[in-house]
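Engineer: I'd like to ask you about the structure that follows.
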Amino acid sequence: MRALLARGFERVSERASPRAFTSGEHLKGTRIGLPGLMLASLFATAHAQEPPVPARDQLAMLESPDPKLARNKKLVFDFWRIVYEGGHVDRAPEFMAEGYIQHNPNVKSGRATFMELFRKQRPPRPIAPLMKMPVISIIAERDLVMVSHVRKVRDRANPDRVYAITWFDVFRIDDQGLIAEHWDPSEMWVDGKPPGAEFFHEWDR
């Protein structure tokens, strides 16, 4: 994971509202002490979040000059549309290794376990041409593919406040071209539901 996030990614993504700026540019010619910087940072964190925005073109994110990376991204893209969102769990062996390793603390490892869980949760439905969730980027490097998307969640300390976060799923593709391992940032679910589950219906239809 550290290598995935730290090294230069092979990235093909189009942001809906791209913004570029030079870090510290607004401070040129201004002398601000450390307490002032800390105060400004706290204020910005609390009041000036710029919500994540999904990309306009998912298919463009699947492109790559490296055919292996392009194939890996397409594998995850199809798995997500067909198995996870589409509920066609019987097709999981086309995409997942039998010894699939799961790092989400709420779900056990194994393809059979995955299939048993999602058979109960997701009846088959028509397969959409694109991923339904609001995808920000699809990034591939070596044997890893990372998909990030916008997720709406509710503030536990202040239930009236709803805000957007960037969620990610990372998949490792094995030598047979199957998904062999998965990571995400999930903590233990509250009431048996993942973060933001109450808002999934807004895109998972």
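Bear in mind these aren't lab numbers, they're just calculated from the coordinates by the rules spelled out. All values derive from a computational prediction rather than experimental measurement. Here the Cβ positions follow ideal geometry from the backbone for every residue, glycine too, while neighbour counts run over all protein chains shown.
Engineer: Would you mind getting me the FRET efficiency between ASP174 and ARG122? Use the beta-carbon distance for r and R0 = 22 Å, nearest 0.05.
Structural biologist: The value I calculate is 0.35.
Engineer: May I pose another question? Could you tell me the center-to-center distance, by alpha carbons, between the range 119-139 and the range 166-192 in angstrom?
Structural biologist: Between the Cα centre of the range 119-139 and that of the range 166-192, the gap is 15 Å.
Engineer: Still on this structure, please answer the following. Under the 0.36 nm per residue contour assumption, what length would be gained going from the current alpha-carbon distance of GLU50 and ARG71 to full extension?
Structural biologist: So the extension gain works out to 4.3 nm.
Engineer: Separate question: Mind checking the full-extension length gain between GLU63 and ASN106? Use 0.36 nm per residue of separation minus the Cα-Cα distance, one decimal, nm.
Structural biologist: Stretched out fully, the GLU63 to ASN106 stretch lengthens by 12.2 nm.
Engineer: Using 23 Å as the Cα-Cα cut-off, could you pick out the over-long pairs in LYS152/LYS193; LYS132/LYS193; LYS68/LYS152?
Structural biologist: The answer is LYS68/LYS152.
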